[in-house]
Amino acid sequence: MKMHTSRLVVASLLIVAACMSKKDATTSTDTAAALAAPKAMVSDEGAVRRAIDSANAEFLAALGRHDTSAAVANYAPDAVVMFPNEGAWRGADAVRKGFAGFLSQVAVKDGHATTDDLMVSGDLALETGHYEWTLVPKGGKAFTDKGKYLTAWKRQPNGTRKIVRDINNSDLPAKM
């Protein structure tokens with residue numbers, strides 16, 4: 001299985017490299033060199049993971065306070081969020097509006113997110129994880145939701161990482 005995954009990664013990198021313009025040729029060479037370097041030289045995965053864990057805790061705390069501004073602070077201006085049962089939220093305004101709409105319908109209690117895997121390559125970090133939170137719909141009964149997520153973080157010019165792609169979905173059966 002690992003051999004198959006390695007081949008997919010190499011094939012994906014070759015396709016991306018082939019699609020790059022001439023202007024990006026030096027970047028491609030630099031990226032290839034960084035990918036060939038020992039893991040510790042590429043980036044400090046531990047530091048990236050600690051930053052992401054902290055950002056996730058802040059995000060869930062903000063949702064618990066109904067603080068839309070703080071909840072969306074970790075999203076890049078060009079972020080795309082794919083929330084369950086919604087069209088994709090594209091860009092800062094749509095992300096803010098989407099989370100404001102979500103928080104106008106439910107209260108979030110006892111939210112927890114756990115990073116299961118983190119892949120870091122240069123400016124990008126791909127996080128997979130699982131979450132659990134209690135949702136209290138307005139005028140409804142509280143229920144616990146468990147699910148999984150996939151989040152892509154990109155290093156910004158100031159060195160911080162912001163979410164550029166985010167998708168999550170519940171493990172609960174669909175209501176019919």
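Any read-out appearing in this document is the output of simple, stated calculations on the displayed coordinates, not a laboratory observation. All values reported here derive from a predicted model rather than from experimental measurement. Because the Cβ atoms are built from the backbone with ideal geometry, glycine has one as well, and the counts that use them run over all protein chains shown.
Spacing of the modelled spin labels on Ala73 and Asn169, each 7 Å from Cα toward Cβ, amounts to 3.2 nm.
Which of the peptides 167-173, 92-98 is most tightly packed, and how do the rest follow, going by the mean number of other Cβ atoms within 10 Å of each residue?
92-98, 167-173
Here the simple spin-label model places points 7 Å from the Cα toward Cβ, and for Leu124 and His112 these points are separated by 3.1 nm.
Highest-first packing order for the peptide set 59-65, 108-114 is 59-65, 108-114, based on the mean count of other beta carbon atoms within 10 Å.
Applied to the range 128-141, the Karplus parametrisation 6.51 cos²θ - 1.76 cosθ + 1.60 on θ = phi - 60° returns per-residue 3J(HN,Hα) values of 10, x, 9, 9, 8, 8, 9, 10, 10, x, 4, x, x, 9 Hz, with x for Gly and Pro. Bridgeable aspartates and glutamates around Lys109 (alpha carbons under 17 Å apart, same-chain partners fewer than 8 residues away excluded): Glu58, Asp67, Glu132, Asp145.
For Arg161, the amide hydrogen comes within under 5 Å of the amide hydrogens of Gln156, counting only partners 5 or more places away or on other chains and with H modelled in the peptide plane.
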